[in-house]
Amino acid sequence: MAASRSTSACKVRRTCRVCGSLRREPVVNLGRSPPANAFLKPADLARPEPRYPLEVVRCLECGLVQLRHVVDRSLLFRHYVYFSSASGPMADHFAQLARSAADEYGGSRPGLAVEIGSNDGTLLRALRGSNLDVLGIEPARNIARYANDQGIRTWNTFFGREVARRIRSRMGPARIVFSNNVLAHIDDLHEAAGAVADLLEPEGVWIIEVPHLAQMIERVEFDTIYHEHLSYFSLPPIERLLKAHGMSVEQVEEIPVHGGSLRIFVRSAALSSRQAPNVAKVRSEERRIGLHRASTFRRFRVAMEGVRSSLPRLLDRLRSKGKKIVGYGAPAKGNTLLNYCGIDRRRLDFLLDTTPAKQGLFAPGSRLEVRPPAAFRSARPDYALLLAWNFETEILERERDYVAQGGRFIRPIPFPEVIEPGPAARFEVVEASSRGRAR
Ligand code: DWN
Ligand code: ZN
């Protein structure tokens, strides 16, 4: 494993953030890269970008897959360009979650729902009209301000024990705590879990959504590796973390968002004597996939190296035929994919993205310009590299006309392929390569 020193912006973490073990083995090394959401202003283009190591290791004690380096959270999260509301399907997903959680756990008396990493308040907004008062905790200044302007009460801070204490003293304990796509971003997981335990009512519930390591490995979703994502979770390390704070998993659901996630319902260990059968099912599925075996991660590495060699080749072949290619979406994960595969302005024309805060900026590393979706229509590219592959169904549905007029999408993972519309409006693979399959 490459030795590297800590700096004020980036620290090397020597112990597992769940169990404290020193026994960790390398999984993959993506080299030094810029933070995935560090989009550049035109004036920044003249300057070199800060780059930090991106190395994944696996704890041999508890199984937590995690980054070896921790970039200062203020650098990553004090200004943020990702708005949950910019992706329509996610807004629907969060609204449904909020409503079903209020029905199931909201109770009949007035109570409080707190969301950690509440972003622009997309989830909390859906609790309007319920008997739950809401509070968002969001470290990004620009996003917290936006949420407050929208009428969603949001405190601009990182979550921890001190914030939990302040919430309790000012607003009382929480009946529901939500943390969607935020656990992976937290370095001090024990501080966060302890703070939730302190904050919850005795019968309260903590609802966690987190990308599932099992799907990342199975579908070669290596692009979800970037500095913001410090942990890649399977069930056992989460259970171990919760146990240390007197909590346990009551129920778990496998959900399709972000390439395959877990929705975990957590209660005080004193309450949840009954654990839903699905918890054991997910655990045994993880063993079937081999998340406890080094060989599984070696195959994952070979698969991602396969993408790194075949995707640029495919783009170069199309470019040599004079084809115009753009990147569809400018998600954070797209920047890992582009930078790891060496795809920049020589291989793509530009990226398009629905997020106003990203438009007019340039992607970190690749320096591809982010344009609004209207640019897609006017440029009429021959191919669109589906960087936001987690929204494939919605995007293909929306871009039917583009496809009908001969435009084609390229799906980058688990191995690059051009998606061709088949009969009966089904999309079929026409240009698949067997390289890069994980299993
Ligand atoms: O954990 C994280 C996840 C939840 O969200 C973060 N650390 C950051 C972020 O990751 P991401 O940027 O990879 O997330 P998304 O949701 O895959 O981003 C999709 C991007 O694509 C957004 O910038 C919006 C854009 N988009 C688009 O241009 N056209 C999305 C859709 C659905 C579209 O049709
Ligand atoms: Zn561990």
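The values are calculated or read from the model by the stated rules, or taken from the named source; none is laboratory data. Treat the numbers as computed from the prediction; the structure is a model and nothing was measured. When we count neighbours, we look across all protein chains shown, and the Cβ atoms used for this are built from the backbone with ideal geometry, even at glycine. Ligands, DNA and RNA are excluded from the accessible area calculation, which covers all protein heavy atoms including side chains. Shrake-Rupley method; radii C 1.70, N 1.55, O 1.52, S 1.80 Å.
Of all aspartates and glutamates in the structure, the ones whose alpha carbon falls short of 19 Å from that of residue 281, not counting any fewer than 8 places away in one chain, are 209, 218, 239, 250, 253, 254.
Charge tally around residue 172: other residues with Cβ under 13 Å, Lys/Arg +1 each, Asp/Glu -1 each, net +3. For the chain, 10, 341 stand unpaired, since no other cysteine beta carbon lies under 4.7 Å from theirs. Adding -39500 (n - 2.57) for every DSSP H run of four residues or longer, then dividing by how many residues the chain holds, sets the calculated 222 nm ellipticity at -9500 deg cm²/dmol.
Quick check: net charge around residue 100, other residues with Cβ under 14 Å of its Cβ, Lys/Arg +1 and Asp/Glu -1? The partial results should precede the final answer.
Numbers: positive: 99, 263; negative: 92, 103, 104, 209, 253.
So the surrounding residues net to -3.
Sorting 306-312, 103-109 by their mean Cβ neighbour count within 10 Å, with the most densely packed peptide first, gives 306-312, 103-109.
Axis of helix 189-199 versus longest Cα principal axis of the chain: the two differ by about 40°, to the nearest ten degrees.
Length available on full extension from residue 45 to residue 269: 0.36 nm per residue minus the Cα-Cα distance, which gives 75.5 nm. Comparing 331, 277, 421 in a Gaussian network model of the chain (Cα springs below 10 Å), the most mobile by mean-square fluctuation is 277.
Residues in segment 140-146 carry Karplus couplings, in order, of 6, 4, 5, 7, 4, 5, 4 Hz; the curve used is 6.51 cos²θ - 1.76 cosθ + 1.60 with θ = phi - 60°, and Gly or Pro positions show x. Relative to the longest principal Cα axis of the chain, at what angle does helix 161-171 sit, 0 to 90 degrees, rounded to 10? On a 0 to 90 degree scale, this one is about 60.
Looking at segment 284-413, the accessible area is 41 square angstrom per residue; that uses a 1.4 Å probe and ignores ligands, DNA and RNA. Extending 7 Å from the Cα toward the beta-carbon at both residue 96 and residue 145 defines two label points whose distance is 3.5 nm. Of all the accessible heavy-atom surface of the chain, with the other protein chains kept in place and a 1.4 Å probe, what percent is carbon and sulfur? That fraction is 49 percent.
In whole percent, what relative contact order does segment 353-411 give with Cα contacts below 8 Å and a gap of six or more residues?
Working: 47 pairs, mean separation 17.5, N = 59.
The value is 30 percent.
Express in nm, to one decimal, how much length is gained between residue 380 and residue 280 on full extension, taking 0.36 nm for each residue of separation and deducting their alpha carbon distance. Spell out each step's value before the answer.
Values: separation 100, 0.36 × 100 = 36.00 nm, distance 4.91 nm.
That pair, residue 380 and residue 280, stretches by 31.1 nm at full extension.
Compute the FRET efficiency between residue 32 and residue 109 as 1/(1 + (r/R0)^6), taking r as their Cβ-Cβ distance and R0 = 41 Å, and round to the nearest 0.05.
Numbers: r = 53 Å, r/R0 = 1.29.
Here the calculated transfer efficiency is 0.20.
Over segment 1-156, accessible surface divided per residue gives 46 Å², non-protein components excluded, 1.4 Å probe. For residue 181, nonlocal amide neighbours, meaning residues 5 or more places apart or on other chains whose placed amide H falls under 5 Å from its own, are 209, 210.
Sequence gap at least 6, Cα distance under 8 Å: using those rules, report the relative contact order of the chain to the nearest whole percent. Relative contact order for the chain comes out at 14 percent. Long-range amide H contacts for residue 134: which residues qualify at under 5 Å (H placed 1.01 Å from N, peptide plane, sequence gap of 5 or more or a different chain)? Those lying under 5 Å, H to H, from residue 134 are 113. Computed 3J(HN,Hα) for segment 8-15, one whole-Hz value per residue from the Karplus formula 6.51 cos²θ - 1.76 cosθ + 1.60 where θ = phi - 60°, is 5, 8, 8, 10, 8, 9, 9, 10, glycine and proline marked x. Among 269, 164, 384, the largest mean-square fluctuation in a Gaussian network model of the chain, built with springs joining Cα atoms closer than 10 Å, belongs to 269. Peptides 74-83, 50-59 ranked from most to least packed by the mean count of surrounding Cβ atoms within 10 Å: 50-59, 74-83. Taking each residue as 0.36 nm, the span from residue 294 to residue 14 lengthens on full extension beyond its C-alpha to C-alpha distance by 98.8 nm.
Nearest 10 degrees, 0 to 90: what angle lies between the long axis of helix 88-105 and the longest principal axis of the chain (Cα atoms)? Helix 88-105 sits roughly 20 degrees off the main axis of the chain. Our Cα-only numbers for segment 178-269 put the radius of gyration and Dmax at 12.9, 40 Å.
Using the Cβ-Cβ distance between residue 219 and residue 25 with R0 = 25 Å, the FRET efficiency computed as 1/(1 + (r/R0)^6) comes to roughly 0.65. Peptides 176-183, 145-152, 352-359, ordered by how many other C-beta atoms sit within 10 Å of their residues on average, highest first, read 176-183, 352-359, 145-152. Remark on residue 27: its backbone amide H falls under 5 Å from those of 56, 57, 58, a criterion applied only to residues 5 or more positions apart or on other chains, H modelled at 1.01 Å from N. Zone of residue 243 (label point 7 Å along Cα→Cβ, backbone N under 19 Å): which residues in segment 19-58? Only 19-23 pass the distance filter. Sequence-ordered 3J(HN,Hα) estimates for segment 79-85 from the Karplus curve with 6.51, -1.76 and 1.60 and θ = phi - 60° stand at 10, 9, 10, 8, 10, 4, 6 Hz, glycine and proline given as x. What the pair-distance distribution of the chain shows, using all Cα-Cα distances binned every 20 Å from zero, is 25, 58, 17, 0 percent. Model label sites at residue 75 and residue 7, defined 7 Å from Cα along the beta-carbon direction, differ in position by 0.6 nm. With a cut-off of 13 Å between beta carbons, the residues surrounding residue 50 carry a summed charge of 0, where Lys and Arg count +1 and Asp and Glu -1.
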